[in-house]
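Report on the structure given below.
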Amino acid sequence: MSSSNTSGGTAAVASPAPIPAPGGLSHRQIMTILSGLMIGMFLAALDQTIVSTAIRTIADDLHGLSQQAWTTTAYLITSTIATPLYGKLSDMHGRKPYFLAAISIFVTGSIACTFATSMIELAAFRAFQGLGAGGLMSLALAIIGDIVPPRERAKYQGYILAVFATSSVLGPLVGGFLAGQSTILGIAGWRWVFLVNVPIGMVALFVVAKVLNVPHTRRNHRIDWWGAVTIALGVVPLLLVAEQGQSWGWLSGRSLACYLVGVGGVVAWILVERRMGDAALIPMRLFSNKVFSLTSLLSVLVGMGMFGGMLMIPQYLQIVKGASPTKSGLLMLPLMLGMMAASIATGQLTARTGRYKIFPVFGTALLTVAMLLFHFEVQWNSPLLETMGFMLLFGIGLGLTMQTLTLSVQNAVPAKDMGVATASSTFFRQLGATAGTAIFLSVLFSTVGDKINHAFTAAARTPQFQQALNNPAVAGKPGNQPVVQLIQHPGSGGGSSVLSDSSFIQKLDDVFAAPFKQGFADSMHLVFLLGAGVTALAFVLVLFIKEVPLRSVSGIQAQAQAAAAAMEKAAAKEADAS
């Protein structure tokens, strides 16, 4: 076979003696290993929440609000492409060296991000950072699959969820606080958003190096570099046209070139993977497993819907409602708490009943309902309490869905494929997230200018607006000049200035700020409607996924049993031969 983890169990990190091959790990041994994994997972989870809260401030400071999609998609593209490589290589050579490499690359990329002087530079540094991020979450989940049986995973679910809950609470608060400071120790506040990863990463490197002692039987196999090249050749052009299609034109020469290169790359990737067999980056035989193939497609859709909501909600809170980055972080708590509570309940019920399919069914349904509520009910002047209620519903939907997809994939494949299957699940979810980010932000910023113009046209007819416009004391304020210019030059692409720096909206008088806020809210409605369509499709798809009974042994135990069975079979053959 192409790859395998150790058949001998894992090392007891509390003592130097290795664990006997057929046995599982004690609670103390699992917790010791889990401590290292949780720091690595915390590093990845914290970065996502910190950056998403601070990105508007960063984009305003670097004068590239409409270019913020590049910083997100560049990070997601590289992490998406790197994810299956980490899974395959760790199956071949062991998890620890690649987990350490992922942390090191991530920290180096974080340091580089602090030197960015433009959104394009920041996107390049985030791309490098993403090469490390691709291994942080997928390898941690694979190691958990190695050491903890699916039915027992709920016992440790609380510790894992504590990482996400802590990062979900701290990330927006820390990101908002740092982005809200002009300077800290002579460095722009938002640059500390990336610097904060450095001490956490150093601690993670030390702890993981010390406690993650999982013996591995080295197996020499070919590394599927051509698979990595062709998958990048297929994914990157298609994501690029998703990002730029609105501005290029979906049938322009550049878009058509991206379609051709992307489709050619995907076809080449499939041919390479078939030729590589078990040594492939993602072995094609895994797709003969209906649970794996359907869950992979479902992960793409859920990733798209998840990022559609997670990107738009902070934008709405900061641009439309005028919340500071710190306050918007606090206002996101209902979403995070809903996700955490639903995840805990899902884990506990799965452990007790062994049933799990019902959770993503309800989860995708709730995601669709929440998206539709954001589309129809949330206006630029809607009460925040109502919006926070919809956030709670969205978070519950995510909590019911996300962890169950990974559990389903890990349970459906042989133990020797644990790493590549877990990485593949993460890969497809990130692929969806990357495509969703590119498409949704492209839709937002390609329509917001016209929406703002329409809002101004309607507002200009009102007595309140005309009174403010004709009042020199109001119209003459420096902060109101963008509106005056817009009225004086209505055909100049109204709202274009807001696409590079939205901070001036909060300096406007309410009567002038309202059309900008309404324009953004109207553009977000279209994004939420697209997101609802994606999650509705996910709901239909999850109905067709077969529920496979959960295994009661861990990945390492399953491999140990397989190795013991192979030895018995070989011994029996020798006995027959003699």
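In the neighborhood of residue 361, defined by Cβ-to-Cβ distances under 14 Å, what is the net charge if each Lys or Arg adds +1 and each Asp or Glu adds -1? Provide the component values of the computation, followed by the final result.
Details: positive: 355, 357, 546; negative: 547.
Here the count lands on +2.
In sequence order, what are the phi-derived ³J(HN,Hα) couplings for the stretch 284-290 according to the Karplus relation 6.51 cos²θ - 1.76 cosθ + 1.60 with θ = phi - 60°, rounded to whole Hz, with x for glycine and proline?
Per residue, the Karplus-derived 3J(HN,Hα) values read 5, 5, 5, 6, 6, 7, 4 Hz.
So how much slack lies between residue 462 and residue 446, counting 0.36 nm per residue of separation and subtracting their Cα-Cα distance, in nm?
Details: separation 16, 0.36 × 16 = 5.76 nm, distance 2.70 nm.
Roughly 3.1 nm would be gained on extension.
What is the stretch 306-409 by shape, rounded, prolate or oblate, if you read a ≥ b ≥ c off the alpha carbon gyration tensor as root eigenvalues and call it rounded for a/c under 1.5, prolate for a/b larger than b/c, and oblate otherwise?
On the way: a/c = 2.71, a/b = 2.14, b/c = 1.27.
The shape class here is prolate.
Could the peptides 357-365, 39-47 be put in order, highest first, of the mean number of other beta-carbon atoms found within 10 Å of their residues?
On the way: 357-365: 21.0, 39-47: 23.9.
Per-residue mean Cβ counts within 10 Å order the peptides as 39-47, 357-365.
With Cβ to Cβ distances under 12 Å as the rule, what net charge do the other residues near residue 522 carry (K, R +1; D, E -1)?
That works out to +1.
List the residues, sorted by chain then number, that are 5 or more residues from residue 184 or on another chain and whose placed amide H is less than 5 Å from its amide H.
Amide H neighbours of residue 184: 189.
With only alpha-carbon atoms counted, please give the Rg and Dmax of the stretch 253-324, in Å.
18.8, 55
Rounded, prolate or oblate, given the Cα gyration tensor of the stretch 191-350, with a/c below 1.5 counting as rounded? Show your work: numbers first, answer last.
Values: a/c = 1.75, a/b = 1.17, b/c = 1.49.
In terms of gyration-tensor shape, oblate.
Taking 7 Å along the Cα-to-C-beta vector as the label spot, tell me the residue 341-residue 355 distance in nanometres, rounded to one decimal.
2.3 nm
So, counting K/R as plus one and D/E as minus one, what does the shell of residues with Cβ under 15 Å around residue 455 add up to? Could the numbers behind the result be given before it?
Numbers: positive: 451, 461, 517; negative: 450, 510, 522.
Charge balance near residue 455 sits at 0.
How do the peptides 527-534, 26-33, 232-239 rank, highest first, by the average count of neighbouring beta carbon atoms within 10 Å per residue?
On the way: 527-534: 22.1, 26-33: 17.5, 232-239: 20.0.
Most protected by this proxy first, the peptides run 527-534, 232-239, 26-33.
All of the numbers you see were taken from the coordinates with simple rules; none came from a lab. Just so you know, these numbers come straight off a predicted model, no measurement behind them. Here the Cβ is made from the backbone with ideal geometry for all residues, glycine too, and neighbour counts use every protein chain on show.
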